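Colleague: Once you've had a glance at the structure underneath, I'll fire off some questions.
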Amino acid sequence: MKKTVAFSLLVALIFSCKPKKQKADLIIYNATIYTVDNTFSTTQALAIKDGKILATGSFEELIGLYEPAEKTDATGNYIFPGLIDSHCHFYGYAMGLREINLVGTNSFEEVIERVKKFAGENPDAEWIVGRGWDQNDWAVKSYPDNRILDSLFPSKPVLLTRIDGHAALVNSEALKRANINEKTSIAGGELLYLSPSDQNSSRAGLVVNGTELSKHAKLSGLLIDNAVDMVSKVIPQKSKEKIEKALLAAQANCFAMGLTTLDDAGLLKPQIDIIDSLQKIGKLNIRIYAMLSDSSVNYDHYFKTGKYKTDYLNVCSFKFYGDGALGSRGACMKQDYTDKKAWRGFLLSPPSHYASKANEMKEKGFQMNTHSIGDSSLKLLIDIYNTTLAASENKRWRIEHCQIVSKDDLKKFKANGIIPSVQPTHATSDMYWAEERIGKERIKYAYAYKDLLEAAGLVALGTDFPVEDISPFKTFYAAVFRKDNKGFPEKGFLTENALSRQEALKGMTIWGAYANFEENEKGSLEAGKFADFVILDTDLMKCEESKILKTKVIATYVGGKVVYSNTSIQ
């Protein structure tokens, strides 16, 4: 009897000395987990508590250390850090969900048919607004004019924006409401005119503002860059209710693609306030890195209050536009366009503007992110950056797009840690006509993601949606294989500048987080970071090329909570 009691006491003592398991909210196991840590390690399970990662390891290790309230079997699927889109227009994409989708139109006639259909279904719409046409996809690749729109909508304004946002077609009523006429002059933008000799044809030739025009010349309705803004700013604002519905619908689409953080490239304070309010009440759960637009309303507020940061919103940067787009020949080039002699595009603001704003950004402590497509624009901006910055400052100023970079300017990224933020699907969208624009020599330094990586040490990858599709898998595919979503061209486009799979994934996770000053809280699956991750049915690191674009998102988690679940494939 005494021995039994003694034995029982010994057992009790042993168990009382055994470390007590730590509480966890969730353990996810039976997965191949790409942590994207410094060694790019893989593991099998994650332990999560209070929205953050407690630990990674094998299921046996974690279940021995933690007592989870819930366990989830990933059934052998693949887990990656939550995907970051380093350059997009989330707010604009959301607003566009209720407008005419002109992406994929094969002719101007098809554009008109979609406009007519929308107008018939929305007779009470005050404005008819659409986006997504690209004349480079049409058999007739010239810009359209507004005469058909005028005949269909003589008193209702119409704004149809080109896919890149740097050109638009408007009818005469829209021009009237924006107070634009034949005498209007626009800095950093253009008005295009009907050719006087061709005004009676069904598709008029267009003459750029600044050439000698007949006194009878008429506006074509085609606007470039800053001219587009003159019309878009007079469109009435949507109600808060409609904005909320649009943002939540856009969020759902992004979560379904495994996106957990979005870098929205150009927002005004009222837009940021709406996003912040929806995040605070738990309706908008996607994390936003908001670049402030180059606007007085933003300077007036944020220069007084400084940066703004929550777990879901990061406001620490301003976004500027250096030039326009290559597709509309607004990109500012060092030499003439190959397909348009004596034309080099233009800057959207005087050089002094970027220099003065760079000094303000440094003084006020904000990151400077600037859109640059052409090699002349990039040279100007990177020289301003390097003149303004000191190497020890770690300001992480970014150049967005970096589409055409001369060999000499590639060398200028490293000194002050300038970050190239690029969009791989731009390469595979533009490859059909880009060489016609800039020629065989300059194309060697276009969409040069590997060269930029080697020059800067990292690249942040995004889509620029709604300019391109929101799918991060198309981003990955274009970066690694340099092909469009149909697998063209068979051998890839400028493949010497392809990224490896590991580099592409880093560009969509940890390097994107670094570009946002957020590498200590996201971008990899490590203890202490947000439990933002995506479960996929495909191993992006090892699968066959043909399977990448067929990848399905099984579930998306933000802060350890499921924000999207595709139960049909679980």
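Colleague: Could you go through the stretch 417-425 and let me know if any residue there is open to solvent by 10 Å² or more (accessible area, probe 1.4 Å) and closer than 19 Å to P489 by Cβ.
Modeller: So far as the stretch 417-425 goes, yes, one or more of its residues are open to solvent by 10 Å² or more (accessible area, probe 1.4 Å) and closer than 19 Å to P489 by Cβ.
Colleague: In the stretch 264-292, what count of residues is obtained for those that are under 15 Å from M95 (Cβ atoms) and either touching a Gly at 6+ places or on another chain (Cβ under 7 Å) or not in a strand (DSSP E or B) (or both)?
Modeller: Number satisfying all stated conditions: 8.
Colleague: Here is a check on your reading of the model: is E519 under 22 Å from R287 (Cβ atoms), open to solvent by 20 Å² or more (accessible area, probe 1.4 Å) and within 20 Å of the chain's Cα centre (by Cα)?
Modeller: yes
Colleague: Separate question: Please find, within the stretch 105-162, the residue that is farthest from V234 (Cα to Cα) out of those that are in contact with a Pro (Cβ under 8 Å, 6 or more places away or on another chain) and among the aliphatic types (A, V, I, L, M).
Modeller: Filtering first and then ranking leaves V111.
Colleague: Related question: Say whether the condition of being within 13 Å of the chain's Cα centre (by Cα), on the phi < 0 side of the Ramachandran plot and modelled with pLDDT under 95 is met by at least one residue in the stretch 72-88.
Modeller: There is no residue in the stretch 72-88 that is within 13 Å of the chain's Cα centre (by Cα), on the phi < 0 side of the Ramachandran plot and modelled with pLDDT under 95.
Colleague: So, one more: May I ask you to list the residues in the stretch 49-71 that are within 26 Å of N520 (Cβ to Cβ) and not hydrophobic (A, V, I, L, M, F, W, C)?
Modeller: The answer is K49, D50, G51, K52, T56, G57, S58, E61, Y66, P68.
Colleague: Also, I was wondering about something else. Which pairs turn up if I take residues in the stretch 145-159 that are under 10 Å from A174 (Cα atoms) and in a loop (DSSP other than H, G, I, E, B) and look for partners that are among the β-branched types (V, I, T) and open to solvent by 40 Å² or more (accessible area, probe 1.4 Å) with beta carbon separation below 9 Å, at least 6 apart in sequence or on another chain?
Modeller: P157/V234
Colleague: List pairs: first in the stretch 453-470 and within 12 Å of P424 (Cβ to Cβ), second at pLDDT 95 or above and of a type in the set (K, R), Cβ under 7 Å, 6+ apart or cross-chain?
Modeller: none
Colleague: Looking at the stretch 293-335, which of the residues that are part of a strand (DSSP E or B) and among the basic types (K, R) is nearest to S429 (Cα to Cα)?
Modeller: K319
Colleague: Starting from residues that are over 18 Å from N171 (Cα atoms) and hydrophobic (A, V, I, L, M, F, W, C), keep the ones in the stretch 97-113 and report whichever is modelled with the lowest pLDDT.
Modeller: V103
Colleague: Would you check if there is a residue in the stretch 519-526 being among the hydroxyl-bearing types (S, T, Y) and within 28 Å of Y308 (Cβ to Cβ)?
Modeller: Checking the stretch 519-526: at least one residue is among the hydroxyl-bearing types (S, T, Y) and within 28 Å of Y308 (Cβ to Cβ).
Colleague: Still on this structure, please answer the following. Inside the stretch 426-447, can you point out the residues that are closer than 30 Å to N101 by Cα and either of a type in the set (A, V, I, L, M, F, W, C) or surrounded by 20 or more Cβ atoms within 10 Å (Cβ to Cβ) (or both)?
Modeller: Scanning the stretch 426-447 gives H426, A427, T428, S429, D430, M431, W433, A434, R437, I438, A446, Y447.
Table: residues versus (1) out of contact with any Ser or Thr (no Cβ under 6 Å at 6 or more places or on another chain); (2) farther than 30 Å from L380 by Cα; (3) charged (D, E, K, R).
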site: D263; (1), (2), (3): no, no, yes
site: G266; (1), (2), (3): no, no, no
site: I275; (1), (2), (3): yes, yes, no
site: I288; (1), (2), (3): yes, no, no
site: K304; (1), (2), (3): yes, no, yes
site: S317; (1), (2), (3): yes, no, no
site: G322; (1), (2), (3): no, no, no
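Colleague: Is it the case, given these coordinates, that V140 is open to solvent by 30 Å² or more (accessible area, probe 1.4 Å) and more than 19 Å from the chain's Cα centre (by Cα)?
Modeller: Considered against the rule, which asks whether it is open to solvent by 30 Å² or more (accessible area, probe 1.4 Å) and more than 19 Å from the chain's Cα centre (by Cα), V140 comes out as yes.
Colleague: I would also like to ask the following. How many residues, within the stretch 72-104, are touching a residue at least 40 places away in the same chain (Cβ under 8 Å), open to solvent by 10 Å² or more (accessible area, probe 1.4 Å), out of contact with any helix residue (DSSP H, G or I) (no Cβ under 7 Å at 6 or more places or on another chain) and not hydrophobic (A, V, I, L, M, F, W, C)?
Modeller: The total comes to 9.
Colleague: Provide a single number: the residues in the stretch 547-560 that are charged (D, E, K, R) and surrounded by 15 or more Cβ atoms within 10 Å (Cβ to Cβ).
Modeller: 1
Colleague: Going through the stretch 283-317 one residue at a time, which ones are of a type in the set (A, V, I, L, M) and in contact with a helix residue (DSSP H, G or I) (Cβ under 8 Å, 6 or more places away or on another chain)?
Modeller: L284, I286, I288, A290, L292, V297, L313, V315
So that you can scan it fast, the table gives a plain yes or no per residue for (1) among the hydrophobic types (A, V, I, L, M, F, W, C); (2) at pLDDT 95 or above:
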position	(1), (2)
A504	yes, yes
G507	no, yes
E521	no, yes
I535	yes, yes
D539	no, yes
E544	no, yes
K547	no, yes
N566	no, no
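Colleague: Need a quick list: strands (runs of 3 or more DSSP E) entirely within the stretch 162-219 having at least 3 residues that are at pLDDT 50 or above.
Modeller: 167-170, 189-194
Colleague: Being buried (at least 17 other Cβ atoms within 10 Å of the Cβ) and either in a strand (DSSP E or B) or at pLDDT 95 or above (or both): is that true of A69 here?
Modeller: Taking the combined requirement at face value, the residue does not satisfy it.
Colleague: Does the stretch 279-334 hold any residues that are modelled with pLDDT of 95 or more and touching a His at 6+ places or on another chain (Cβ under 8 Å), and which are they?
Modeller: Of everything in the stretch 279-334, those that are modelled with pLDDT of 95 or more and touching a His at 6+ places or on another chain (Cβ under 8 Å) turn out to be K319, F320, Y321, G322, D323.
The values are calculated or read from the model by the stated rules, or taken from the named source; none is laboratory data. On a predicted model such as this, the values are computed, not experimentally measured, just so you know. Here Cβ is always computed from backbone atoms with ideal geometry, including for glycine, and neighbour counts include all displayed protein chains. We work out accessible area using only protein heavy atoms, side chains counted, and drop any ligands, DNA or RNA first. Shrake-Rupley method; radii C 1.70, N 1.55, O 1.52, S 1.80 Å.
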